[in-house]
Amino acid sequence: MSKPKIVVVGGGAGGLPLVTQLGRKLGKFGHADITLVDASSVHVWKPRFHEVATGAIDADLDAVDYRAHARLNHYRFEPGSMTWVDKDKRAITLAPITDAQGEEVLPERNLYYDYLVVAVGSQSNDFGTPGVRDHCLFMDTRAQAERFRERFMNTCLHANYRDEPVSVAIVGGGATGVELAAEIHHAVAMLKLYGHEHLDRKQLKVTVVEALPRILPGLSERVSAAAQERLEGLGVSVRTGVMVARATEDALITKDDETISADLMVWAAGVKAPDFVGKLEGFALNRINQIEVSPTLQAKGNDRVFVVGDCAFLKPDGDDKPIPPRAQAAQQMASHTAKNLQRLIMNRDPKPFRYRDHGSLVSLSNYSSVGMLMGNLKGGNFFVEGWLARLMYVGLYRMHQAALYGWPRTLMLLTAGRFSKLVRPRMKLH
């Protein structure tokens, strides 16, 4: 009897922990063949893209190589981008891979599965706003974060030479926009230490534009107010209740015909599943391309396909809102799906998923962090800020590393990082 084939598409906050757990529980003992598919060759934790974008971390040092990780955790890695799902043949189609010169490296391929897990995450939603795709930068992938870093460094270099101000406009007051705004201020302060004598935070103008009445609309009003207070303390201009109508080469134009000029413009507003998901046939999709799933996280109408993370739409019974597109939700879904797949292989029924909101933390670079933790003691929720919130925020990433490597290797990585800081600059300068 052949082993069940499990294919996981997407190696992000949900997909990579999922194949890690499956590899250790099933692949290691020959109970299943597990394959991870991703268009990139490495994993960088998406909540850290704002740090990649400003050079606060070196993505090359922080990345997880899929092939190396697969070897250690008993699964196989297949590079590629999924373009189609044939539910009748239980196969997915991967697009051809070409090199920088356009030469074909790998042809279009089919991968066959007994169980498929779609974990392709999400991307920013520009809502078809004119000019955004042509003139704004995005933070959805590592490549886009690196592109911002290159543009940002060149802009700062030019401004330092000319002794001119630097202006950045960020559309979207969610976690990405808020964290990026604070990180930019920290980056300019660091650049002044590395030869940019004329560059100063007083010459930096960062504007966060949010269409809703407050920033961080998905979090509590207390967290939102605390974050805005700290951003404004840094010198960030926070514009709420302002909707962008279009983007030009060097400015955002609002619905009220106000012009917000900027050297760099970032679009970090809205969320939707990747565009190709909306083109798949045979799935129930909502208006932002998310795949509707049953309580067990199986795609409606197809028990062989599971969906986890931002691309899944599930509104639990009795809840007013669906499960939010957050890293903690993706990780919980991944852990639950790993257990359900093990149950199915043992001919047992899958169990329904229950999301537990542990709260949210927002990093304001080295300056501060704020957030709300959902307490289990007496049912209380706890507002945290300052160094304690910052420590907890960093701890979330260490827990993500521990899920991938185990605590011994994570502690070794932490120690190696400390020693590296003795000889490396405090930010990525090239």
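The values are calculated or read from the model by the stated rules, or taken from the named source; none is laboratory data. What you are looking at is a predicted structure, and each value in this text was computed from that prediction instead of being measured. All Cβ positions, even for glycine, are placed from backbone atoms using ideal geometry, and neighbour counts span all protein chains on display. Note: accessible area is taken over every heavy atom of the protein model, side chains too, but ligands, DNA and RNA are not part of it. Shrake-Rupley method; radii C 1.70, N 1.55, O 1.52, S 1.80 Å.
Using Cα positions and a limit of under 15 Å, work out the aspartates and glutamates in reach of K89, with same-chain residues fewer than 8 apart set aside. Partners found: D114, E281, D303.
A Gaussian network model of the chain, with springs between Cα atoms under 10 Å, assigns the largest mean-square fluctuation among A330, A226, A299 to A226. Counted residue by residue at 0.36 nm each, then reduced by the alpha carbon distance between them, the extension gain from V423 to A143 reaches 98.2 nm.
Is the shape of segment 1-114 rounded, prolate or oblate, going by the alpha carbon gyration tensor and its root eigenvalues a ≥ b ≥ c, with a/c under 1.5 for rounded and a/b larger than b/c for prolate? Because a/c hits 1.5 or more and a/b fails to exceed b/c, segment 1-114 counts as oblate.
If you plug the beta carbon distance of T240 and K192 into 1/(1 + (r/R0)^6) with R0 = 25 Å, you get a FRET efficiency near 0.25. Each peptide in 163-170, 3-10, 278-285, 146-153 was scored by the mean count of other Cβ atoms within 10 Å over its residues; highest first, the order is 3-10, 163-170, 146-153, 278-285.
The H on the amide N of V238, modeled in the peptide plane, is under 5 Å from the matching H of V208, each at least 5 residues off or on a different chain.
With the other protein chains left in place, how much accessible area per residue, in square angstrom, belongs to segment 117-217 at a 1.4 angstrom probe?
Values: 4210 Å² over 101 residues.
With the other protein chains kept in place, segment 117-217 gives 42 Å² per residue.
3J(HN,Hα) couplings calculated from phi for segment 102-119 with the Karplus curve 6.51 cos²θ - 1.76 cosθ + 1.60 (θ = phi - 60°) are, in sequence order, x, 7, 6, 9, 10, x, 4, 9, 10, 10, 9, 9, 9, 9, 10, 10, 9, 9 Hz; Gly and Pro show x.
Name the trypsin sites (Lys or Arg not before Pro) in segment 20-116 that are in a loop by DSSP and that have at most 11 other C-beta atoms within 10 Å, would you?
Details: sites: R24, K25, K28, R48, R67, R71, R76, K87, K89, R90, R109; in loops: K87, K89, R90.
Taking segment 20-116 and a limit of 11 other Cβ atoms within 10 Å, the loop trypsin sites (Lys or Arg not before Pro) found are K89.
The phi torsions of segment 74-87, fed into the Karplus equation with coefficients 6.51, -1.76 and 1.60 and a -60° offset, translate into couplings of 6, 9, 10, 10, 10, x, x, 10, 6, 10, 7, 10, 9, 6 Hz, rounded to whole numbers, with Gly and Pro shown as x. Here's how it looks for R76: its modeled amide H is under 5 Å from those of I34, T35, L36, which are all 5 or more places away or on a different chain.
For segment 94-166, with only Lys/Arg (+1) and Asp/Glu (-1) charged at the beta-carbon, what is the dipole magnitude about the Cα centre, in debye rounded to 20?
Numbers: 7 positive and 12 negative charges, 51 e Å.
With only Lys, Arg, Asp and Glu charged at Cβ, the dipole is about 240 debye.
Computed from the Cβ-Cβ distance with R0 of 41 Å, the FRET efficiency linking F383 to E258 stands at 0.75.
Can you tell me the accessible area per residue over segment 296-430, all protein chains present, probe 1.4 angstrom, in square angstrom? Working shown, then result.
On the way: 7840 Å² over 135 residues.
On a per-residue basis, segment 296-430 sits at 58 Å².
May I ask you to order 94-106, 203-215 by the average number of other C-beta atoms within 10 Å around their residues, highest value first?
Most protected by this proxy first, the peptides run 203-215, 94-106.
If you average the alpha carbon positions of segment 111-129 and of segment 1-35, how far apart do those two centres end up, in angstrom? Using only Cα atoms to place each centre, the spacing works out to 18 Å. In segment 254-308, what percent of the accessible surface is made up of carbon and sulfur (1.4 Å probe, ligands and nucleic acids excluded)? That fraction is 41 percent.
Segment Q101..Q203, full-extension length gain: 32.6 nm, with 0.36 nm per residue of separation and the alpha-carbon distance subtracted.
The string of couplings for segment 183-197 from the Karplus curve (6.51, -1.76, 1.60, θ = phi - 60°) is 5, 4, 4, 5, 5, 5, 4, 5, 4, 4, 7, 10, x, 8, 5 Hz, one whole number per residue in order, with x for Gly and Pro.
Listed by chain and number, the lysines whose C-alpha is less than 23 Å from the C-alpha of K25, apart from same-chain residues fewer than 8 away, are K3, K5, K339, K351. Classification of segment 53-206 by its C-alpha gyration tensor yields a prolate form. The axis ratio a/c (a ≥ b ≥ c) is 1.5 or more, and a/b outweighs b/c. Model label sites at L212 and R162, defined 7 Å from Cα along the beta-carbon direction, differ in position by 3.7 nm.
Rolling a 1.4 Å probe over the protein heavy atoms of segment 85-237, with every protein chain left in place, gives an accessible area that is 48 percent carbon and sulfur. If R0 is 25 Å, what FRET efficiency do you get for A284 and D317 from their C-beta distance, rounded to 0.05? After rounding, the FRET efficiency stands at 0.90. Among the lysines of segment 196-292, pairs that are 8 or more positions apart or on different chains and have alpha carbons within less than 30 Å of each other number 4.
With all protein chains present, how much of the accessible area of segment 384-430 (probe radius 1.4 Å) comes from carbon and sulfur, to the nearest whole percent? Mind showing how you got there, number by number?
Details: 2340 of 3300 Å².
Result for segment 384-430: 71 percent of the exposed heavy-atom area is carbon or sulfur.
In the set (1) 0.97; (2) 1.57; (3) 0.99, the label that goes with Rg/Rh (Cα atoms, Kirkwood Rh) computed for this structure is (1). Note on K428: aspartates and glutamates with a C-alpha under 17 Å away, same-chain residues under 8 apart excluded, are E51, D58, D60, D62, E146, E150, E183.
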